[in-house]
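Here the structure comes first, spelled out in structure tokens, and everything after it is commentary.
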Amino acid sequence: TTPGQPTALTATPLQDSAVPLSWTAPANGGNAIFDYIVEFKLSTDTDWTVFDDGVGTAAVPVTATSTTVTNLTNGLSYDFRVTAENEVGTGTPSDTDTAIPVFRVDVHLTRPGDLPGAHGLILGVSSL
């Protein structure tokens, strides 16, 4: 039979233009899972896009249950889902999870007395 439904999909928006995903593997239906189909869409859209993670062939079972979806636009809301596939076919998609990729910035304040000649607060900004 086809694989079961992946569970516990978690999207964690901690990277610039990317969202790491993780999930729990489903029952394999009696056949090795050889691919996880990762899909995403803007939360306002109806059409899903398959993320090409470069993983999965019928010859090699897949054990990894995480990936990072890249090339997303910061500040937009995305929905994600994952489906397992074995030699019999494709299972039921996971429940969706939603995340918004963000551009993180570290802000460092330095007191004037810490730098010779400084007369006010010094703001240092760096991206992560």
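The values are calculated or read from the model by the stated rules, or taken from the named source; none is laboratory data. The shown structure was predicted, so the numbers you read here are calculated from the model rather than taken from an experiment. Every residue, glycine among them, receives a Cβ derived from its backbone with ideal geometry; neighbour counts consider all protein chains shown. Areas reflect the complete protein model, heavy atoms only, side chains present, ligands, DNA and RNA absent. Shrake-Rupley method; radii C 1.70, N 1.55, O 1.52, S 1.80 Å.
General observations
- Selection from the range 1-17 of residues that are within 14 Å of F80 (Cα to Cα), open to solvent by less than 40 Å² (accessible area, probe 1.4 Å) and at pLDDT below 95: none
- With respect to (1) surrounded by fewer than 17 Cβ atoms within 10 Å (Cβ to Cβ); (2) of a type outside the set (V, I, T); (3) touching a strand residue (DSSP E or B) at 6+ places or on another chain (Cβ under 7 Å); (4) modelled with pLDDT of 95 or more, the lone exception for N31 is condition (4).
- Matching residues, the range 64-106, being closer than 22 Å to T2 by Cα and among the small types (G, A, S): A64, S66, A84, G89, G91, S94
- Scanning the range 34-57 for residues that are in contact (Cβ under 8 Å) with a residue 12 or more places away in the chain, among the acidic types (D, E) and open to solvent by 40 Å² or more (accessible area, probe 1.4 Å) yields one hit, D53.
- Qualifying residue in the range 88-100 (condition: at pLDDT 95 or above, touching a strand residue (DSSP E or B) at 6+ places or on another chain (Cβ under 9 Å) and acidic (D, E)): yes
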